[in-house]
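Colleague: Have a look at the structure that comes next, please.
Laboratory data are not the source of any read-out in this text; all were calculated from the coordinates shown. Computed from a predicted model, the values in this text were never measured in an experiment. Glycine gets a Cβ as well: all are built from the backbone with ideal geometry, and neighbour counts include every protein chain shown.
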Amino acid sequence: MSNIPSELKYAASHEWVRDEGEGVVSIGISDHAQDLLGDVVFVELPDLDADVSAGDEAGVVESVKAASDLYAPVSGKVIAINEELEDAPELVNSDPYGDGWFFKVKLSDPAELEALLDADTYASHCEED
Amino acid sequence: MAKTTPLHDQHLALGAKMVDFSGWDMPLHYGSQVEEHHQVRREAGVFDVSHMTIVDVSGPDARSYLRHLLANDVARLDTQGRALYSPMLNEHGGVIDDLIVYLMTEPGVTGEWYRVVVNCATRDNDLSWMADCAVRFDVSLAEQPDLAMIAVQGPKARQLAASVLSESRARLIGQLKVFQGQESEGWFIARTGYTGEDGLEVMIPEEEALTFFQALVDAGVRPCGLGARDTLRLEAGLNLYGSDMDETVTPLQSNMGWTVAWEPQERSFIGREALERQRDGGVPSKLVGLVLEQRGVLRAHQTVVVDGLGEGEITSGTFSPTLGYSIALARVPAAADAEASVLVRGKTLPVKIVRPPFVRKGAQGHS
């Protein structure tokens, strides 16, 4: 059974969102997602200062097994990217909710957070996968 | 119901992620495919390859039968235990399977016999083809489903395997030449493999498999799954049947020309005439290595564009854990050389055409 922290929000496309306060969220992919992908070898992140829209492609995660699109779960401006993933993409596997985070967004519409899945709903979504 | 090997429970106990492989429930990895890969390049790993199909070929015509059946020539096997890699072709020169054949006795003796190891995905087709081709010969074919097969691979593989085995088996492991196998106390131990590293493939009664596997693990040999097996073989430039070649292409189109024994000319093997026609008339395509030195991963079925010559296709592609960039095998127009490009997720990326292997003795092997 994969780890699904209850304090986070989730997108059906397997990204997690952590509310960091003051309208900022950090984003990564879930434990379930990294487990499905296997060893991650490249992560392509959005550019710093880019504007992303909820549901749009925001990057690519390549594992030994497959390439998978990364979708922005919320809209806003990218204010930080995890540059460590450039040299250590395996952090996505070893610590998906911590050091394996992808990028941070300053929300343009904080109400979008409400539309995301809570941990229980996401857990049942994973079981259907 | 999926088929399982004698080590199935052990794989589950070790936390393997299991995957269906041609009807067999096999370990894909035990946590990290990339770490398993590195372990084999640096020290040693152990693979359960009991799904492979073992067929013993005996009888007065065993040699003449195999000389007819296979494109490579078992007459080249000049000492007991020598192994030969060969394609098995249809009349059109298409590859039915690739296999390893061991001469199990001294050559030419009465009772001479051979052991053939073929792919599990092609088992049914191989066995019926081999049986059909045997009709004109006095041979018997005996599949050995009760043998498990364990591959121990890596620079420390032989040393670590010897450390957990009896004195006589350990001595044999020290003496085996590359591509040679010998029987020892009911086991068949061969210095062969599918990773590009030194190591062993051990064919063993299934009831003894678990003890041997566990002893290896306890000695520090890491269990490795089919995922690492695939990236290791691809780095080593070894073809995978069904991906890099099949019945629609010949060995000459599959970087396997060296496995066709043209001499002696009077040896008539299945597919010979078709191969000679292709050799003399021109081979339309060839299998090459590709290297992508920028970010991105080459994957099977991506289109390869060779300027002025047309298109080809990637047959196997992956991220190379040893090299840190992506490598692939691709079938391209025969005149292609040096440069091409590949359509990767909507982008056209330049790739270098190289001659496999990509990795030799743990380091970059392509030019």
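Colleague: Please express the shape of chain B as an equivalent ellipsoid: the semi-axes are the square roots of 5 times the eigenvalues of the C-alpha gyration tensor, given largest first in whole angstrom.
Modeller: Values for chain B, descending: 31, 28, 17 Å.
Colleague: Still on this model: Can you put A:ASP69, A:ASP120 in order, fewest other beta carbons within 10 Å first? Walk me through the intermediate numbers first.
Modeller: Numbers: A:ASP69 13, A:ASP120 10.
By the 10 Å Cβ count, ascending, the order reads A:ASP120, A:ASP69.
Colleague: Can I ask one more? Go ahead and estimate [θ] at 222 nm for chain B from helices alone: -39,500 (n - 2.57) per DSSP H run with n ≥ 4, summed, over the residue count, rounded to 500.
Modeller: That comes out to -6500 deg cm²/dmol.
Colleague: Over the stretch B:131-257, what relative contact order in percent results from Cα pairs under 8 Å that are six or more residues apart?
Modeller: 23 percent
Colleague: With n ≥ 4 as the cut-off for DSSP H runs, can you work out [θ] at 222 nm for chain A, using -39500 (n - 2.57) per run divided by the number of residues, rounded to the nearest 500?
Modeller: For chain A, the value works out to -5000 deg cm²/dmol.
Colleague: Taking a cut-off of 30 Å between Cα atoms, list the lysines near B:LYS3, but don't count ones fewer than 8 places away on the same chain.
Modeller: A:LYS65, B:LYS17
Colleague: Working from the pairwise distances between different alpha carbons, so that the mean of 1/r is found and then inverted, what is the stretch B:162-285's Kirkwood radius in Å?
Modeller: One over the average 1/r among Cα pairs gives 17.7 Å for the stretch B:162-285.
Colleague: Next question. Could you pull the Rg and Dmax for the protein assembly as shown, using just the Cα atoms, both in Å?
Modeller: 25.5, 86
Colleague: Mind jotting down the three principal axis lengths of the stretch A:9-108 based on Cα atoms? Whole angstrom, largest first.
Modeller: Extents along the principal axes, in whole Å: 35, 26, 21.
Colleague: Need one word for the stretch B:54-143: rounded, prolate or oblate. Basis is the Cα gyration tensor (sqrt eigenvalues a ≥ b ≥ c); a/c below 1.5 gives rounded, then a/b vs b/c decides.
Modeller: Values: a/c = 1.60, a/b = 1.41, b/c = 1.13.
Taking the square roots of the gyration eigenvalues as a ≥ b ≥ c, the stretch B:54-143 is prolate.
Colleague: Sequence-distant or interchain residues sharing an amide H contact under 5 Å with B:PHE21, placed H: which?
Modeller: Close amide H contacts, sequence-distant or interchain: B:MET26.
Colleague: List the GluC sites (Glu not before Pro) within the stretch B:177-246 that fall in a DSSP loop (any state other than H, G, I, E or B) and whose Cβ has at most 15 other Cβ atoms within 10 Å.
Modeller: Listed in order of number, the matching sites are B:GLU185.
Colleague: Please report how far the C-alpha centroid of the stretch A:41-115 lies from that of the stretch B:213-263, rounded to the nearest whole angstrom.
Modeller: Cα centres, the stretch A:41-115 to the stretch B:213-263: 36 Å.
Colleague: Between the stretch B:165-202 and the stretch B:94-116, what's the alpha-carbon centroid distance in Å?
Modeller: So the separation of the two Cα centres works out to 17 Å.
Colleague: Between the DSSP loop rule and a limit of at most 12 other Cβ atoms within 10 Å, which chymotrypsin sites (Phe, Trp or Tyr not before Pro) in the stretch B:132-235 are left?
Modeller: Passing sites in the stretch B:132-235 do not exist.
Colleague: Read phi for every residue in the stretch B:79-86 and hand back ³J(HN,Hα) as whole Hz from Karplus 6.51 cos²θ - 1.76 cosθ + 1.60, θ = phi - 60°, with x for Gly and Pro.
Modeller: Using θ = phi - 60°, the values come out as 9, 4, x, 4, 10, 9, 8, 8 Hz.
Colleague: Each residue of the stretch B:340-355 in order: what ³J(HN,Hα) in whole Hz does its phi give by Karplus 6.51 cos²θ - 1.76 cosθ + 1.60, θ = phi - 60°, with x for Gly and Pro?
Modeller: Going residue by residue, I get 7, 9, 10, 7, 10, 6, x, 10, 9, 10, x, 10, 9, 8, 10, 9 Hz, with x marking Gly and Pro.
Colleague: Find, among the GluC sites (Glu not before Pro) in the stretch B:288-367, those assigned to loop by DSSP (not H, G, I, E, B) with at most 14 other beta-carbon atoms within 10 angstrom.
Modeller: B:GLU293
Colleague: What is the ratio of the Cα radius of gyration of the stretch B:224-281 to 2.2 N^0.38 Å, where N is its residue count, to two decimals? List each step's numbers first, then the result.
Modeller: On the way: Rg = 14.5 Å, N = 58, 2.2 N^0.38 = 10.3 Å.
It is 1.41.
Colleague: Would you please report the Å³ per residue occupied by the convex hull of the alpha carbon atoms in the stretch B:251-364?
Modeller: 115 Å³
Colleague: Return the percentage of antiparallel bridges among DSSP beta bridges fully within the protein assembly as shown, rounded to the nearest 5 %.
Modeller: Beta bridges within the protein assembly as shown, antiparallel portion: roughly 95 percent.
Colleague: Hey, what do the phi angles of the stretch B:14-20 turn into as Karplus ³J(HN,Hα) couplings, whole Hz, using 6.51/-1.76/1.60 and θ = phi - 60°, x for Gly and Pro?
Modeller: 7, x, 5, 8, 9, 9, 6
Colleague: Counting alpha carbon pairs within less than 8 Å and at least 6 residues apart, what relative contact order, in whole percent, applies to chain B?
Modeller: 18 percent
Colleague: Given the C-alpha centroids of the stretch B:270-307 and the stretch B:318-347, what is the distance between them in whole angstrom?
Modeller: 11 Å
Colleague: Mind listing the long-range amide H neighbours of B:MET52? Cut-off is under 5 Å, sequence gap 5 or more, other chains count too, H placed in the peptide plane at 1.01 Å from N.
Modeller: Those qualifying (amide H under 5 Å, at least 5 residues apart or on another chain) number zero.
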